[in-house]
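Quick notes on the structure that follows.
The values are calculated or read from the model by the stated rules, or taken from the named source; none is laboratory data. Since the model is a prediction, treat every value here as computed from it, not as a measurement. Cβ placement follows ideal geometry from the backbone for every residue including glycine, while neighbour counts extend to all protein chains displayed.
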Amino acid sequence: MVIDGVMLLWFGLTALAVAFVALDIRRTPENPVMKWAFVLFTLYSGPFGAFLYVLGCREPLPGLHEQYVSARWRQVLGSTMHCVAGDGIGIIVGAVIGTLVALPLLADIALEYVLGFAFGWTIFQALFMRGMARSYGEALRNTFLPELLSMNCLMGGMIPVMVIAFVGNPDAHDPARPLFWFHMSLSLMTGFVIAYPMNWWLVANHLKHGMMTVRPRDDSAPATPQGMAMSGMAGAPGHEAASMATPHRPIPPLAVMTAISFLVLAAGLLIAYVFGDLTRAHPHAM
């Protein structure tokens, strides 16, 4: 079948892309959490992840990383990629569990949302980035709404692909089959595209961070007391952490963007319901 050839090519390119990013990013002066996020994102998105790493994060010449990643679109790339990398782990775990217990399709999606949000929020956002807040509790409070808005858009893009792309093919919902992993890759890449505009707003209003530059203390590049120089921030060291904790008035207001994120999620569910029938049993249980 044609799809088998496409998947074979995809998985081969993905293996090469992950190997390249995992080896090359060790020389890139990026935050360690973001390095892991790029490797995970490339695992989901194959050669597209490697392309975005080179175009958006890889230092073009020694000493230029701060300037290179200061562009707004690269900051937003880092924010969205970080979201997809963390949330994607929970979403995939939810999809595997949903298959194993043959949950109804709508319940399967709900489980993926809950686990994706929980992992992305409590671990990838609050725990791994807790150094940007005074405590883990404060980090949880600061990252809850940004993570919620980004997650809503991510799932709003993923759901139609997950439900519609391989209608009538239970292999796409069986973790023991290659089609399942190809299916999840397509879904996560679509979710990345849909979540990108929301992350642009979040980064522009200092509600999420973007790319960061981390250099040794004896490097000539400007750095925080912890040895971290966060690019794209024109203020003093620690400016980003202060921005995330200090009340401000985003434009459009946060309430409006929260409503928009839920509309995106609802639109994804509606498309899946109309064209894919969310009420049916889990496809793999057929």
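Quick notes on this one:
- Taken over the range 38-55, the criterion of being surrounded by fewer than 23 Cβ atoms within 10 Å (Cβ to Cβ) and either modelled with pLDDT under 95 or among the β-branched types (V, I, T) (or both) is satisfied by V39, V54.
For (1) surrounded by 17 or more Cβ atoms within 10 Å (Cβ to Cβ); (2) more than 19 Å from the chain's Cα centre (by Cα); (3) at pLDDT below 90, each residue gets a yes or a no:
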| residue | (1), (2), (3) |
| --- | --- |
| N199 | yes, no, no |
| L207 | yes, no, no |
| G210 | yes, no, yes |
| M230 | yes, yes, yes |
| V256 | no, yes, no |
| F262 | no, no, no |
| L270 | no, yes, no |
| H284 | yes, yes, yes |
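- Number of positions in the range 35-67 that are free of Cβ contacts under 8 Å to residues at least 12 places away in the same chain and either of a type outside the set (D, E, K, R) or at positive phi (or both): 7
- Within the range 232-254, the residues that satisfy the criterion of being in a helix (DSSP H, G or I), hydrophobic (A, V, I, L, M, F, W, C) and at pLDDT below 85 are A241, A242, M244, A245.
- Residue count for the range 151-176, restricted to those that are in a helix (DSSP H, G or I) and either free of Cβ contacts under 8 Å to residues at least 24 places away in the same chain or over 23 Å from the mean Cα position of the chain (by Cα) (or both): 2
- Of the residues contained in the range 13-28, none is found to be in contact (Cβ under 8 Å) with a residue 40 or more places away in the chain, surrounded by 15 or more Cβ atoms within 10 Å (Cβ to Cβ) and within 16 Å of M211 (Cα to Cα).
- Test result for V193, over 26 Å from R26 (Cα atoms) and at pLDDT 85 or above: yes
- Residues of the range 52-68 that are farther than 22 Å from M189 by Cβ and not small (G, A, S): E59, P60, L61, P62, L64, H65, E66, Q67, Y68.
- Residue check for E30: farther than 24 Å from F119 by Cα and not in a helix (DSSP H, G or I): no
- Checking each residue in the range 70-119 for being small (G, A, S) and crowded, with 20+ Cβ neighbours inside 10 Å picks out G78, S79, A85, G86, G88, G90, G94, A95, G98, G116.
- Per this entry, F124 is not counted among residues that are within 27 Å of W181 (Cα to Cα), over 11 Å from the mean Cα position of the chain (by Cα) and either modelled with pLDDT of 95 or more or assigned to a helix (DSSP H, G or I) (or both).
- If the condition is being part of a helix (DSSP H, G or I) and more than 17 Å from the chain's Cα centre (by Cα), then the range 98-121 contributes G98, T99, L100, L105, L106, A107, D108, I109, A110, L111.
- Members of the range 54-72 found to be of a type outside the set (V, I, T), within 16 Å of F41 (Cβ to Cβ) and assigned to a helix (DSSP H, G or I), listed by number: L55, G56
- Filter result for A95 (touching a residue at least 24 places away in the same chain (Cβ under 8 Å), under 18 Å from the mean Cα position of the chain (by Cα) and either under 17 Å from W181 (Cα atoms) or not in a loop (DSSP other than H, G, I, E, B) (or both)): yes
- From the list G86, G90, G78, G49, the lone residue that is more than 22 Å from A19 (Cα to Cα), in a helix (DSSP H, G or I) and touching a helix residue (DSSP H, G or I) at 6+ places or on another chain (Cβ under 9 Å) is G90.
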